[in-house]
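Following: one structure in structure tokens, then a few remarks.
The values are calculated or read from the model by the stated rules, or taken from the named source; none is laboratory data. Fair warning: this is a prediction, and the values are worked out from it, not measured in the lab. So basically every Cβ, Gly included, is an ideal-geometry build from the backbone, and we count neighbours across all protein chains shown.
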Amino acid sequence: MQEEHRIAELRRILHEHNHRYYVLAEPIISDREFDALLAELTLLESARPDLFDPNSPTQRVGGGLTDQFEKVPHSRPMLSLANSYSREEVEEWADRIHRESAGEMRFTCELKYDGVAIALQYEGRRLTRALTRGDGTVGEDITTNVRTIRTIPLALPDHAPDRLEIRGEIILPFAEFEKLNESRREKGEKLFANPRNTAAGTLKLQDSAAVARRGLDCFLYGVWMDDSGEAGISGHAAGVQAAADWGFKTPLALVGAFEVVETVEGVMDYLAYWDRARNALPFAVDGVVLKVDGYAQRRTLGSTAKAPRWALAYKFETEQGITRLDHIAYQVGRTGAITPVAHLDPVPIAGTTVSKASLHNADQIALMDIREGDTVRVEKGGEIIPKVVGVVLDQRPADSVPLEFATHCPDCKAQLVRAEDEAKHYCPNTSGCPEQIKGGIQHFASRRAMNIDGLGEEGIAQLWAAGMVRDVADLYALEMPALLTLDRMGEKRAGNLLSGIEDSKEIPFERVLFALGIRHVGETVAKRLARHFGSLESLMAAGEEELLELDVVGPVIAEAVVMWFADEVNLERVQHLRSAGLQWTILEEEEAANSQVLADRSFVVSGVFSIPRDELKRMVEQHGGRLLGSVSGKTDFLLAGEKMGPAKREKAERLGVSILSEAQFLALLGL
């Protein structure tokens, strides 16, 4: 009994200190003291497995592996919000609310966090379930992963309701995002695009220990206490205050982020303030959410089928920065494509410091007449490398001269070429340009291709500098003694690399074909080619006319495939890879796993889903469907997720394309 009481006491104490540290930012003990208490609890729990509690502070580090996430209906729909992009529309909305509502009216103003919507359910004041938005009706149970987020209380104080649901947003702060990308940069891995997508992907990881290391945070604000609604709380502001009192991190944690106003002028003042102040926030926001405060007035106003009439999301304009363009450099991609990159005087945009921006191609540079030394406008719309969107002409230096685009490859010095129907310049030296070869090796080893773990940009550069690798086939000739001569290459790292290379021999043919890096042959085309021809021999023997029989293959792709297999260097590479033992045929069990439920149906997949989008695309193809890149008259279905652009939906509706939610799509497959 003494152990049981001590375990309960330690859990209570550690929950309190977690709240003080991560939510209130007011710790009263040192990290060492906290760790000592946590170690004591861990030791006691290990001796009493009968007292296991998934909400114990010791469980925040994660460690459980999840094969799938259960789909669970929401207690009430998680509706989207109507969007507005102008202050005039906001004024019209607020005026309409005043006209249609009797009596006093108050509005709440809060930031629109650029994160992932979440619904948390508590029973007996303990976290029992965390659901994603999903399609708004059915979400996925990601409780194991959410328990690792330290700002989410696992147990509530005695004065909190016994049963409670609270909704909000999970975010990834800029500092954690940059730290994560820096780690990936050092490993030569592809950088994450933006904090929002990274947070969404993190919550769907199968290993909760990996989730715990990502540094996710949250803001929670939507309170429901029982099936009858918001019993005991009169409005949204009171609910947010109550949630803060119960230990949740709410918008009240940030000064000025949550305000209650009674007039349209008050709403406008809030918008004007945060349009400027958002630049200093440590996390991403993309607008402001305006709501009618009183629950009684909300019930009167009601909702449409898609969104409540008592709330509106105002979207900020994409943030721009103005800075000096110092010089333009040129990068060589694995296909030989030349990309001009503007090197800028560092400028803060959307919470990060920008020093480089994409210039796309020569036509874009000429269209905007961009020159070295210009003062330029730079826009960051959620991508890693922002783009130059204009020139401040009245600040152009008097001695400025138009830019002459590069004529030779910056790496191998070969003369660049440009096809009449293409915007990009290319280096034609495919078998002799070091940057193309290294880029091809990196593509070959990437996760979606051969998935050779630990072989990123830095590792490839090291092997190249040592003369050990000059082609992807050379990877299969690497040996331990040679690897151990490299700097920072111990037995464990070398062993892992060799194991990854050996494991890649089991990668299916369709991914091997994609890994070869044939120009214009992406994942979808590689899959269709592999499944149609069945083997490499059949594909190599195919002419352009036979290739064009596939609906995903046009003249450009057909020509690229035929030319690739006509190159003696490529044929020699294939022969070496064949000798290494890679897969060059479609396995019978792969064919058997495919159904034809979606045969002859074309899909466009757009938006954010509870299932990773790549997995949804795989499911379309696995069941016989075809993937298209954009909505057109040839599209049968638009698989629409959260935050899909309104223009795509409008086009689908105009063309009579069927729009499916995630739940409807899964039902179509009988899942």
Open item on the list: Against the definition (over 36 Å from the mean Cα position of the chain (by Cα), modelled with pLDDT of 80 or more, surrounded by fewer than 18 Cβ atoms within 10 Å (Cβ to Cβ) and assigned to a helix (DSSP H, G or I)), how does Arg6 come out, yes or no?
Closed with: yes
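Just name the residue that is nearest to Leu359 (Cα to Cα) out of those in segment 293-335 that are small (Gly, Ala, Ser) and touching a Leu at 6+ places or on another chain (Cβ under 6 Å).
Our first condition is that a residue be small (Gly, Ala, Ser); within segment 293-335, this holds for 294, 296, 302-303, 305, 307, 311, 313, 321, 329, 333.
This time we only want the ones that are touching a Leu at 6+ places or on another chain (Cβ under 6 Å), so: 307, 311, 313.
Details: Ala307: 39, Ala311: 39, Ala313: 32 Å.
If we take residues in segment 293-335 being small (Gly, Ala, Ser) and touching a Leu at 6+ places or on another chain (Cβ under 6 Å), then Ala313 is nearest to Leu359 (Cα to Cα).
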TODO: Return the residue satisfying two criteria in turn: it lies in segment 317-361 and is among the hydrophobic types (A, V, I, L, M, F, W, C) and touching a helix residue (DSSP H, G or I) at 6+ places or on another chain (Cβ under 6 Å), and of such residues it is nearest to Leu416 (Cα to Cα).
DONE: Val332
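A quick yes/no check of all residues on (1) among the hydrophobic types (A, V, I, L, M, F, W, C); (2) under 17 Å from Ile322 (Cβ atoms); (3) modelled with pLDDT of 95 or more:
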position: Lys356; (1), (2), (3): no, yes, no
position: Gln364; (1), (2), (3): no, no, no
position: Met368; (1), (2), (3): yes, yes, no
position: Arg377; (1), (2), (3): no, yes, no
position: Lys380; (1), (2), (3): no, yes, no
position: Val392; (1), (2), (3): yes, yes, no
position: Leu403; (1), (2), (3): yes, no, no
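Assess whether Val341 counts as being closer than 28 Å to Asp411 by Cα and surrounded by 18 or more Cβ atoms within 10 Å (Cβ to Cβ). Outline the logic, then answer.
On the way: closer than 28 Å to Asp411 by Cα: yes; surrounded by 18 or more Cβ atoms within 10 Å (Cβ to Cβ): no.
When the stated conditions are applied, Val341 does not pass them.
Provide a single number: the residues in segment 268-284 that are crowded, with 18+ Cβ neighbours inside 10 Å and either hydroxyl-bearing (Ser, Thr, Tyr) or modelled with pLDDT under 90 (or both). Let's see the steps before the verdict.
From segment 268-284, those crowded, with 18+ Cβ neighbours inside 10 Å are 270, 274, 278, 283-284; that's our starting set.
Next, only the ones that are either hydroxyl-bearing (Ser, Thr, Tyr) or modelled with pLDDT under 90 (or both) stay: 270, 278, 284.
Within segment 268-284, residues that are crowded, with 18+ Cβ neighbours inside 10 Å and either hydroxyl-bearing (Ser, Thr, Tyr) or modelled with pLDDT under 90 (or both) number 3.
Considering segment 456-495 alone, what residues qualify as being assigned to a loop (DSSP other than H, G, I, E, B) and acidic (Asp, Glu)?
Step one: of segment 456-495, the residues assigned to a loop (DSSP other than H, G, I, E, B) are 456, 466-471, 478-479, 484-490.
Residues satisfying the conditions are Asp471, Glu479, Asp487.
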Task: The lone exception for Thr300 - which of (1) surrounded by fewer than 16 Cβ atoms within 10 Å (Cβ to Cβ); (2) touching a strand residue (DSSP E or B) at 6+ places or on another chain (Cβ under 6 Å); (3) among the polar types (S, T, N, Q) it fails - done: (2)
Open item on the list: With more than 24 Å from the chain's Cα centre (by Cα) and within 19 Å of Val211 (Cβ to Cβ) as the only criterion, which of Pro173, Pro161, Pro153 stands out?
Closed with: Pro153
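Find the helices (runs of 4 or more DSSP H) located wholly in segment 540-624 whose residues include 3 or more that are of a type in the set (Lys, Arg) and at pLDDT below 90, and list them.
Numbers: elements: 544-547, 555-566, 568-580, 588-593, 613-622.
Once the helices (runs of 4 or more DSSP H) in segment 540-624 are filtered for at least 3 residues that are of a type in the set (Lys, Arg) and at pLDDT below 90, what remains is 613-622.
Please tell me if Thr151 is under 20 Å from Gln241 (Cβ atoms), modelled with pLDDT of 90 or more and among the hydroxyl-bearing types (Ser, Thr, Tyr).
Details: under 20 Å from Gln241 (Cβ atoms): yes; modelled with pLDDT of 90 or more: yes; among the hydroxyl-bearing types (Ser, Thr, Tyr): yes.
Yes, satisfied.
Could you say whether any residue in segment 517-530 is free of Cβ contacts under 8 Å to residues at least 24 places away in the same chain, surrounded by fewer than 18 Cβ atoms within 10 Å (Cβ to Cβ) and out of contact with any Phe, Trp or Tyr (no Cβ under 6 Å at 6 or more places or on another chain)?
Keep residues of segment 517-530 that are free of Cβ contacts under 8 Å to residues at least 24 places away in the same chain, which gives 522, 526.
From the residues that got through so far, the ones that are surrounded by fewer than 18 Cβ atoms within 10 Å (Cβ to Cβ) too are 522.
After this cut, where a residue has to be out of contact with any Phe, Trp or Tyr (no Cβ under 6 Å at 6 or more places or on another chain) as well, the list is 522.
Checked against the condition, which is being free of Cβ contacts under 8 Å to residues at least 24 places away in the same chain, surrounded by fewer than 18 Cβ atoms within 10 Å (Cβ to Cβ) and out of contact with any Phe, Trp or Tyr (no Cβ under 6 Å at 6 or more places or on another chain), segment 517-530 yields at least one hit.
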- [ ] Specify the residue that is surrounded by the fewest Cβ atoms within 10 Å (Cβ to Cβ); the eligible residues are those in segment 344-363 that are at negative phi, in contact (Cβ under 8 Å) with a residue 40 or more places away in the chain and of a type outside the set (A, V, I, L, M, F, W, C).
- [x] Asp363
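Across segment 563-586, which residue is nearest to Leu548 (Cα to Cα) among those that are among the hydrophobic types (A, V, I, L, M, F, W, C) and loosely packed, with under 15 Cβ neighbours inside 10 Å? Even if it seems obvious, please write down each step before you answer.
Taking segment 563-586 and keeping what is among the hydrophobic types (A, V, I, L, M, F, W, C), we get 563-566, 569, 571, 574, 577, 580, 582, 584, 586.
Those still in the list that are loosely packed, with under 15 Cβ neighbours inside 10 Å too: 563, 566, 569, 571.
On the way: Met563: 15, Ala566: 18, Val569: 25, Leu571: 22 Å.
In this case the residue turns out to be Met563.
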- [ ] Select from segment 110-141 the residues that are hydrophobic (A, V, I, L, M, F, W, C) and under 17 Å from the mean Cα position of the chain (by Cα) and list them in ascending order.
- [x] Val116, Ala117, Ile118
